[in-house]
């Protein structure tokens, strides 16, 4: 018998101890840890969706006292009203002229700008030439696809964020079989959570096998 499932929000944990460091993200993590000893006033962290960029933004703002502005936030329409230390998360969604204005203001004020993007600036289609040239001159810390160590840790974290208790044999089964991407780990954890709720059962190797089959 299946039961209805409420689509409850999952609250990710953004504390210092919740960020999982491995070779694939160490450069980005080290950049946050180095502040204020940065190579430039503005820097970029780039990586795929779900790779921890937002977590790093929270860690940096906790460290620097800066504020986080989503790339599509209305606040970017008035950059002069923002403080001198700002992180723009999902910067590819920002209005280009507003982002250029914010960049220039940051340098004028002697502040800092942290920008997260899904790819290096040189790989993005940036229509405003002045913005493109500035972003492509910035230091970039990249987050690569997760290695095995990080993949296993991510599975643990995603299940913990969902308050799910999963036996070690389930992790042992999933780790060598799941697609090596941050998005795949998040999607699989969500699907297993849903299946377990629908069927009122624990997450087992059998259930994990079924969920993996759905993802091909």
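Before moving on, here are some points about what is shown:
This table checks each residue for (1) farther than 26 Å from residue 57 by Cβ; (2) surrounded by 18 or more Cβ atoms within 10 Å (Cβ to Cβ); (3) modelled with pLDDT under 90.
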{"site": "144", "(1), (2), (3)": "no, no, no"}
{"site": "151", "(1), (2), (3)": "no, yes, yes"}
{"site": "160", "(1), (2), (3)": "no, no, yes"}
{"site": "170", "(1), (2), (3)": "yes, yes, no"}
{"site": "179", "(1), (2), (3)": "no, no, no"}
{"site": "188", "(1), (2), (3)": "no, yes, no"}
{"site": "192", "(1), (2), (3)": "yes, yes, no"}
{"site": "196", "(1), (2), (3)": "yes, yes, no"}
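- Qualifying residue in the stretch 125-137 (condition: under 13 Å from the mean Cα position of the chain (by Cα), at pLDDT 95 or above and assigned by TED's automatic domain parsing to the domain that holds residue 52): no
The values are calculated or read from the model by the stated rules, or taken from the named source; none is laboratory data. All values reported here derive from a predicted model rather than from experimental measurement. Virtual Cβ from ideal backbone geometry, glycine too; neighbours counted across all protein chains shown.
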